[in-house]
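Novice: If you scroll down you'll find the structure; I have some questions about it.
The values are calculated or read from the model by the stated rules, or taken from the named source; none is laboratory data. Values in this document were obtained by computation on a predicted structure and should not be read as measured data. For neighbour counting, all protein chains shown are included, and Cβ atoms are generated from backbone atoms with ideal geometry for every residue, glycine included. Protein only, heavy atoms only, side chains kept; ligands, DNA and RNA dropped before computing areas. Shrake-Rupley method; radii C 1.70, N 1.55, O 1.52, S 1.80 Å.
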Amino acid sequence: MEEQGSNLAKAESIINSLGIVEDQDGENESTDDENLHVELNVFRAQWMSELKPNSGSNGGNRGMSSRAADLRRKQELAREEKARELFLKAVEEEENGAVYEAIKYYRRAMQIVPDIEFKINYSRSPDPDGGNENDMDGEIEDLLAYFHQQLTLQDTSLKICVPEVEMTQMHISALPPEVLMYIFRWVVSSDLDLRTLEQLSLVCRGFYICARDPEIWRSACLRVWGRSCTKLVPFNSWREMFLERPRVRFDGVYISKTAYIRQGEESLDGFYRAWHQVEYYRYLRFFPDGQVMMLTTPEDPLVTVPRLRSKNTRVESIMCGLYRLSQDTDNQTKVFVVVSKRKEEKVAEYQRISRFCRRNPAAPETEHSFHVGLQLSSGGRQSFNKLNWIHHSCHITYRSTGETVVTAFDLDQMYASFYFARVKSYTAFSERPL
């Protein structure tokens, strides 16, 4: 206390001396003296308040600072709430198609809080009626069970769907569930068009339930993997197995493009030698029943792809055969293909040769088949859309002796990877139900 009193006395003496000096100088400059006296008085008051050991004043200062901080927080929360209301109003206007009004609300919200977009919880929308429906606040975990519950609460007869407006004709909801499920199997068809089934599930809650029928997805899995998919483990449902387990796709074609430069013949005068750029395509078309078609041609995909829709295509030099999926211990799914020319093409070739021979040539004594090994992978946003070469060989079998000669080809840059291209016309109509 004595030290603080002495410090206070020294401070007052210093300030008084400064005041005396300024008073003496003020005789010459009266206007500057007045401003300087005011500043010195303010400085004196602040300095003396800091030097006085008054606990009550310190507590008051802390209380004032805390109240000021609380006031600032309340103001920030109020500004953020106002900006949030304006931003949600802008979202609502944008959904209703009023883009110009939405832009005005967006601008006003960001003028108040620039980063309001990142402070909004979109999973929770304000309830204008003040209701407390907790079921709709967050994302519904089991949507299928929720739809089942809603249909049970709405109607005791448990109809799949109800007409939105009154109709004079019979609505599809009048059909028995068994008939409706048979229609859904026609939608999937024998081509396993599960993409259309997923689009059909967006119509209403009843169609969503029908599209999640386990028997449909189980039948699709059996068509793809056969007896090797009798167990669901490690998947939780048949639908999850079909969507996540590696498989080839049937709603399009796998295409491989190869391009190289070949040296041509020298001109007659030896002045130049031509170079040719050669391009050709390989096509692979898989079917759910285990059949496959393979075609190598220089024709553009716009011309060739529509011809590969049916297995009964008349495209020349096309090879048909079978394929199978194999999953090794390293979790790499591989596709093994065995193809050969069709019998009718072999007969036509035999007849064409016989026209230029005086005597009937002997029947062909050899059979050619091509064995292809491919590794299935995913690239980009699509799943199972890439096939990489791992093996290619030609097997020649002599009928007279039964001997088979195998010629393996070296996999170089001429063997480009296959990439999947979806073709809508392949699933435009159904020939048979699932």
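Novice: When residues of region 273-308 are filtered for being part of a helix (DSSP H, G or I) and open to solvent by 10 Å² or more (accessible area, probe 1.4 Å), how many remain?
Specialist: Step one: list which residues in region 273-308 are part of a helix (DSSP H, G or I), which gives 301-308.
Now drop any that are not open to solvent by 10 Å² or more (accessible area, probe 1.4 Å), which leaves 301-303, 305-307.
Residues in region 273-308 being part of a helix (DSSP H, G or I) and open to solvent by 10 Å² or more (accessible area, probe 1.4 Å): 6 in total.
Novice: While we're here: It is to be established whether one or more residues within region 313-323 are aromatic (Phe, Trp, Tyr) and either surrounded by 14 or more Cβ atoms within 10 Å (Cβ to Cβ) or not in a strand (DSSP E or B) (or both).
Specialist: Within region 313-323, the first condition is being aromatic (Phe, Trp, Tyr), and the residues that meet it are 323.
Going one step further and asking which of them are either surrounded by 14 or more Cβ atoms within 10 Å (Cβ to Cβ) or not in a strand (DSSP E or B) (or both), we end up with 323.
Checked region 313-323: at least one residue is aromatic (Phe, Trp, Tyr) and either surrounded by 14 or more Cβ atoms within 10 Å (Cβ to Cβ) or not in a strand (DSSP E or B) (or both).
Novice: When you scan region 234-266, how many residues do you find that are in a helix (DSSP H, G or I) and out of contact with any Lys or Arg (no Cβ under 7 Å at 6 or more places or on another chain)? Write out each step before concluding.
Specialist: At the first step, the residues of region 234-266 found to be in a helix (DSSP H, G or I) are 238-244.
Now restrict to residues that are out of contact with any Lys or Arg (no Cβ under 7 Å at 6 or more places or on another chain): 240-244.
Qualifying residue count for the region: 5.
Novice: Being small (Gly, Ala, Ser) and either in contact (Cβ under 8 Å) with a residue 40 or more places away in the chain or closer than 16 Å to Arg247 by Cα (or both) is the filter here; which residues of region 375-401 pass it?
Specialist: The answer is Ser377, Ser378, Gly379, Ser383.
Novice: Sticking with this structure for a sec: When you look at Met293, is it touching a strand residue (DSSP E or B) at 6+ places or on another chain (Cβ under 7 Å), of a type in the set (A, V, I, L, M, F, W, C) and on the phi < 0 side of the Ramachandran plot, yes or no? It would help to see each step written out before you state the result.
Specialist: On the way: touching a strand residue (DSSP E or B) at 6+ places or on another chain (Cβ under 7 Å): yes; of a type in the set (A, V, I, L, M, F, W, C): yes; on the phi < 0 side of the Ramachandran plot: yes.
Yes.
Novice: Let me ask another. Give the residues of region 85-115 that are farther than 17 Å from Gln75 by Cα and either of a type in the set (A, V, I, L, M) or touching a residue at least 40 places away in the same chain (Cβ under 8 Å) (or both), sorted by residue number.
Specialist: Leu88, Ala90, Val91, Ala98, Val99, Ala102, Ile103
Novice: Residues that are open to solvent by 80 Å² or more (accessible area, probe 1.4 Å) and at pLDDT 80 or above: find the helices (runs of 4 or more DSSP H) completely inside region 148-233 holding 1 or more of those.
Specialist: On the way: elements: 177-188, 194-200, 205-211, 214-225.
In region 148-233, the matching helices (runs of 4 or more DSSP H) lie at 177-188, 194-200, 214-225.
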